[in-house]
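In what follows, a single structure is set out as structure tokens and then discussed.
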Amino acid sequence: MKNKCASFNLFNKKILGKLPLMEENNFFVPQGICSIDDNIIISCYDSTKKSNSLLYIFDKTGKYKKIFLDCKVHAGGICYHKETDSLFVTGSGSKNTSFIHKYCGKSILKAIDNSMVLMTGKYCVDDDGSLYSSSARRSSPAYICCFENKVFLGNFTNFFDIKKSIIKEFAILKDGSLGKCLKKIKNPYNNTQGLCLVKKDDEILYLFSRSSGTKKKSLINVAKSVNNKLININSIIMPSMLEQINVYNDNLLVIFESAAYIYRKKAISVNDEIFLLDLNKILNYHDNLINFHF
């Protein structure tokens, strides 16, 4: 059987809105996506490093406002923990230290357009350099997600990295702070941009979004854990420059880095929409791309 290439139209895609990043002289680049109630939150960093990172807050009608963070982090991933009203954002780091930042979700939703929100917590998630990758040249948590009162985060590695990507698991305490690292697991996928966990038939599945730059298509990999080792069970080809993915009810939120103005002329496909894909179809899609590599 020949390799099957999944059509992007296969998953009943819906468009929740457009990212206003295609305008000339707009140098913000989208990275993370999550939801707070019926609001979609998207993190961006300034590629010129002049402005603080920002969040686009989209309501259910598609209207949006911009909220600036109190820092200039890459904001590669974001996730929201409803029980403690905590928005976690991947933060800054050096070779042997790395942090994630916490913000209050209610404060973000109530903030006025173009205002700034202040972090309510900062947590070291790497004090031994295990999140360090040669591609990032520093300790750098690139993706993050919340699942069952835990935070899962990992680092970005590419084909030339000596070290493998590591996923760390932290408990979310009752006050929204993070406990000690509970577990580490090797991520077998390089070029990982996003991670989310879902439960299907009492089994926990890991969904990874992977991007190989402007000139190659992206992948979503679905894996399960067997004896603390991730085993691939599904692979789906996606348009280029796929960034973070996140579960939204029974759907999957998807954004692309090609929405940024600086990539408009470089990317083989440009997608500036916020997509909502059918999660069940993604989980039940089967192909023979198990050993597929770009």
Conditions (1) closer than 20 Å to Ile33 by Cα; (2) not in a strand (DSSP E or B): number failed by Ala142
(2)
Starting from residues that are in contact with a Lys or Arg (Cβ under 6 Å, 6 or more places away or on another chain) and in a strand (DSSP E or B), keep the ones in the stretch 149-170 and report whichever is nearest to Lys229 (Cα to Cα).
Ile166
From the residues in the stretch 122-138 that are of a type outside the set (Ser, Thr, Tyr) and part of a strand (DSSP E or B), which one is farthest from Lys163 (Cα to Cα)?
Lys122
Strands (runs of 3 or more DSSP E) lying entirely in the stretch 62-121 (those with 1 or more residues that are under 20 Å from Ile274 (Cβ atoms), of a type in the set (Val, Ile, Thr) and modelled with pLDDT of 95 or more):
64-69, 78-81, 86-93
Scanning the stretch 235-280 for residues that are buried (at least 19 other Cβ atoms within 10 Å of the Cβ) and assigned to a helix (DSSP H, G or I), which turns out nearest to the chain's Cα centre (by Cα)?
Glu257
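Look at Lys183 and say whether it is surrounded by fewer than 22 Cβ atoms within 10 Å (Cβ to Cβ) and either outside any strand (DSSP E or B) or touching a residue at least 60 places away in the same chain (Cβ under 8 Å) (or both). Let's see the steps before the verdict.
Numbers: surrounded by fewer than 22 Cβ atoms within 10 Å (Cβ to Cβ): yes; either outside any strand (DSSP E or B) or touching a residue at least 60 places away in the same chain (Cβ under 8 Å) (or both): no.
Against the criterion (surrounded by fewer than 22 Cβ atoms within 10 Å (Cβ to Cβ) and either outside any strand (DSSP E or B) or touching a residue at least 60 places away in the same chain (Cβ under 8 Å) (or both)), Lys183 does not qualify.
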Can you say whether Ile172 is touching a helix residue (DSSP H, G or I) at 6+ places or on another chain (Cβ under 9 Å), surrounded by 17 or more Cβ atoms within 10 Å (Cβ to Cβ) and either modelled with pLDDT under 95 or among the β-branched types (Val, Ile, Thr) (or both), as far as the supplied structure shows?
yes
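Residues that are in contact with a helix residue (DSSP H, G or I) (Cβ under 8 Å, 6 or more places away or on another chain), part of a strand (DSSP E or B), surrounded by fewer than 20 Cβ atoms within 10 Å (Cβ to Cβ) and touching a residue at least 24 places away in the same chain (Cβ under 8 Å): does the stretch 196-203 have at least one?
The initial filter retains those residues of the stretch 196-203 that are in contact with a helix residue (DSSP H, G or I) (Cβ under 8 Å, 6 or more places away or on another chain), namely 198, 200.
Add one more test, that the residue is part of a strand (DSSP E or B), and what stays is 198, 200.
With the extra rule that they be surrounded by fewer than 20 Cβ atoms within 10 Å (Cβ to Cβ), the set shrinks to 198, 200.
Narrowing further to those that are touching a residue at least 24 places away in the same chain (Cβ under 8 Å): 198, 200.
For the stretch 196-203, residues in contact with a helix residue (DSSP H, G or I) (Cβ under 8 Å, 6 or more places away or on another chain), part of a strand (DSSP E or B), surrounded by fewer than 20 Cβ atoms within 10 Å (Cβ to Cβ) and touching a residue at least 24 places away in the same chain (Cβ under 8 Å): present.
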Mind telling me which of the residues Ser211, Ser258, Ser235, Ser225 ends up being in contact with a helix residue (DSSP H, G or I) (Cβ under 9 Å, 6 or more places away or on another chain) and among the small types (Gly, Ala, Ser)?
Ser211
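The values are calculated or read from the model by the stated rules, or taken from the named source; none is laboratory data. Please read these numbers as outputs of a predicted model, since none were measured by experiment. Cβ atoms come from the backbone with ideal geometry, glycine included; neighbour counts cover every protein chain shown.
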